[in-house]
């Protein structure tokens, strides 16, 4: 839930911005459970996603976004392919 979405973080107030209220609710729910989405960055021709996996130590995990299969009405889901950085 904290990795498979198209949410961005507004740099002015650090709030999530989502096209879908469902997507926003899932990411906020993951945050409440300790899996906080911290942002997306552009690296060397790749997109990096940062997520906090341990709310006590604030340890971050970064993933390289390899591919996104966008939501469509036939599949009724969105999918992402990720690789540990």
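Observations on the model:
- Tallying residues that are farther than 28 Å from residue 76 by Cα and surrounded by 13 or more Cβ atoms within 10 Å (Cβ to Cβ) within region 7-54 yields 0.
- Residues (free of Cβ contacts under 8 Å to residues at least 12 places away in the same chain and touching a strand residue (DSSP E or B) at 6+ places or on another chain (Cβ under 7 Å)) located in region 41-68: 41, 58, 59
- When residue 31 is tested against (1) in a loop (DSSP other than H, G, I, E, B); (2) in contact (Cβ under 8 Å) with a residue 12 or more places away in the chain; (3) on the phi < 0 side of the Ramachandran plot, exactly one condition is not met: (1).
- Filter pass, residue 38 being touching a strand residue (DSSP E or B) at 6+ places or on another chain (Cβ under 8 Å), over 13 Å from residue 82 (Cα atoms) and not in a helix (DSSP H, G or I): yes
- Criterion (free of Cβ contacts under 8 Å to residues at least 40 places away in the same chain and touching a strand residue (DSSP E or B) at 6+ places or on another chain (Cβ under 6 Å)) met by exactly one of 73, 2, 17: 17
- Residue check, residue 81 surrounded by 15 or more Cβ atoms within 10 Å (Cβ to Cβ) and modelled with pLDDT of 90 or more: no
- Flag for residue 79 being assigned to a strand (DSSP E or B) and under 17 Å from residue 24 (Cα atoms): yes
- Residues within region 1-28 that are in a helix (DSSP H, G or I), farther than 23 Å from residue 81 by Cβ and over 11 Å from the mean Cα position of the chain (by Cα), tallied: 2
The values are calculated or read from the model by the stated rules, or taken from the named source; none is laboratory data. Keep in mind that this is a model prediction, so the values were computed, not measured. No Cβ is skipped: glycine too gets one built from the backbone with ideal geometry, and neighbour counts run over all protein chains shown.
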